[in-house]
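The values are calculated or read from the model by the stated rules, or taken from the named source; none is laboratory data. Because the structure is predicted, anything quoted here is derived from the model rather than measured. Here Cβ is always computed from backbone atoms with ideal geometry, including for glycine, and neighbour counts include all displayed protein chains. Only protein heavy atoms, including side chains, enter the accessible area calculation; ligands, DNA and RNA are left aside. Shrake-Rupley method; radii C 1.70, N 1.55, O 1.52, S 1.80 Å.
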Amino acid sequence: MESLAGTAPTPRPAALPYYVAFSQLLGLTVVATTGAWLGLYRGGIAWESALQFNVHPLCMIIGLIFLQGDALLVYRVFRNEARRTTKVLHGLLHVFAFIIALVGLVAVFDYHRKKGYADLYSLHSWCGIVISVLYFVQAPAPPYLSSQWLVGFSFFLFPGASFSLRSRYRPQHVFFGAAIFLLSVGTALLGLKEALLFKLGTKYSAFEPEGVLANVLGLLLVGFGMAVLYILTRADWRRPPHAEEQALSMDFKTLTEGDSLSPQ
């Protein structure tokens, strides 16, 4: 068997850094535009006042859109780093995204309770709850676990789970990760439109400055989502399998399924 040591790193695709940089520029612009919209037309943010509601859109966009999008890109950006290191970074970004989004959820429910408003009646809120549940089930675990918060914890409790089971689950994790991200972008657009209609009403059609800025924010959200999705779907930009990782996978398969590795 050939030695696995000294494996040359896979060259990074020439165009990939430019697309990643463009996606980050869009993402940061989304966050900045959200802050500008809330500051210029909604009075800013605060927890113990009528401005508490504004914590919700800011936290959801930072958490479930910007940080979640970056978490999905980790395996494209860090192509030659150790898989464990990359996995820890991927998991930490998801953890931070979930915590920030949780603050946003608490803010809106607390605001509704104080004002006596109804909860969970709009399409935006229904989609948001679905996303939150799926994200909790799907998001990777903290670094001391091996996969997802709930599914990964199950693997952690039952280490005898077969290699084939883990391999079959991986495509589902990839699909739901991208799907939850796109649902988050769509739900943000629903919430943005809902907020504009509640405040502007019929004046929205008169090209009010707030409406124009919010429409620009919506286009930026769509642009960021498309940029992340494009990077994820380019097959030639996927993280290549490293020889060491393939060897470890074969060893793990042997331990969990009892296969024997016969020398070639």
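Values computed for the structure shown
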quantity: Set of lysines with alpha-carbon distance to Lys87 below 20 Å, sequence-local pairs under 8 removed; calculated: Lys253
quantity: ³J(HN,Hα), Karplus 6.51/-1.76/1.60, whole Hz, each residue of segment 195-209, x for Gly, Pro; calculated: 5, 5, 5, 4, 8, 8, x, 6, 5, 4, 6, 9, 6, 4, x
quantity: Calculated on alpha-carbon atoms, Rg and Dmax of segment 1-108 in Å; calculated: 18.6, 68
quantity: Karplus (6.51, -1.76, 1.60) ³J(HN,Hα), θ = phi - 60°, over segment 105-118, in Hz, Gly and Pro reported as x; calculated: 5, 4, 4, 6, 5, 5, 4, 4, 5, 5, 8, x, 7, 6
quantity: Percent accessible area from carbon and sulfur atoms, segment 22-95, protein chains only, probe 1.4 Å; calculated: 72
quantity: Simple label model, 7 Å out from Cα along Cβ direction - Ile99 to Val212, nm; calculated: 4.0
quantity: Placed amide H near Glu208: partners under 5 Å, 5+ positions off or other chain; calculated: none
quantity: Phi to ³J(HN,Hα) by Karplus 6.51 cos²θ - 1.76 cosθ + 1.60 over segment 84-99, Hz, x for Gly, Pro; calculated: 4, 4, 5, 5, 4, 4, 4, x, 5, 4, 5, 5, 4, 4, 5, 5
